[in-house]
Amino acid sequence: MPKFKSAQGVHEVSQIANGHFEIDGDSQELSFQNLDSNHLLVKQGHQQTPLYIHAAGDRFQVFYQGEYYSLQRLQRGQQADSGVASGRIIAPLTGKVIEVAVTAGQELEAGVPLLILESMKMETALTSPFAARVLAVHCQAGDQVANEQLLIELESLNPTEDSD
């Protein structure tokens with residue numbers, strides 16, 4: 001069963017039948033519609049939610065239901081390395097930066113808002129996926145940003161926390 005490591009722990013994910021998935025032992029019926037190379041529409045029952053994925057090798061940044069997740073796919077028998085979360089916060093959509101809530105050098109707890117993007121009259125808050133120090137901020141309020149544009153770089157405050 002494939003395993004993924006995030007700041008929240010190791011998660012086991014597998015497709016047990018067409019449309020049926022098991023996530024950490026919990027069976028889910030999901031379907032996906034490709035919107036483009038990085039965007040999916042996740043359908044669960046009557047609920048539809050957009051999902052953004054940026055993949056780089058065995059690492060993934062996922063933006064889903066207003067939350068950012070940094071994941072590392074683990075190979076059989078592999079332990080997660082200390083850099084599971086890349087610390088590169090990228091724009092999950094094209095939009096306008098409404099507010100930047102952090103500055104370079106600032107230390108953050110996991111879940112702290114980093115910035116707010118507005119797209120199609122909807123505001124999306126991007127939060128820190130782990131306890132971190134802000135290395136660089138590459139945008140400011142009022143900037144128009146493109147999908148996958150680098151916005152903020154973070155450095156984990158607990159680099160050994162993700163090791164098993």
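Where a number appears in this text, it was derived from the coordinates with a stated rule and is not lab data. Just so you know, these numbers come straight off a predicted model, no measurement behind them. Glycine also receives a Cβ, built like all others from the backbone with ideal geometry; neighbour counts cover every protein chain displayed.
What is the distance in Å between the Cα centroid of region 105-131 and that of region 24-38?
24
Just need the Rg to Rh number for region 86-136, please, alpha carbons only, Kirkwood Rh.
0.97
If each residue of separation counts as 0.36 nm, what is the full-extension length gain between Glu118 and Lys96 once their alpha-carbon separation is subtracted?
Working: separation 22, 0.36 × 22 = 7.92 nm, distance 0.52 nm.
Using 0.36 nm per residue and subtracting the Cα-Cα distance, I get 7.4 nm.
Would you mind putting 27-37, 104-114, 90-100, 145-155 in packing order, based on average other-beta-carbon counts within 10 Å, highest first?
Taking the mean over residues of other Cβ atoms within 10 Å, the ranking is 90-100, 145-155, 104-114, 27-37.
Using the Cβ atoms and a cut-off under 12 Å, what net charge is assigned to the surroundings of Cys139, where Lys and Arg are +1 and Asp and Glu are -1?
Summing Lys and Arg as +1 and Asp and Glu as -1 gives -2.
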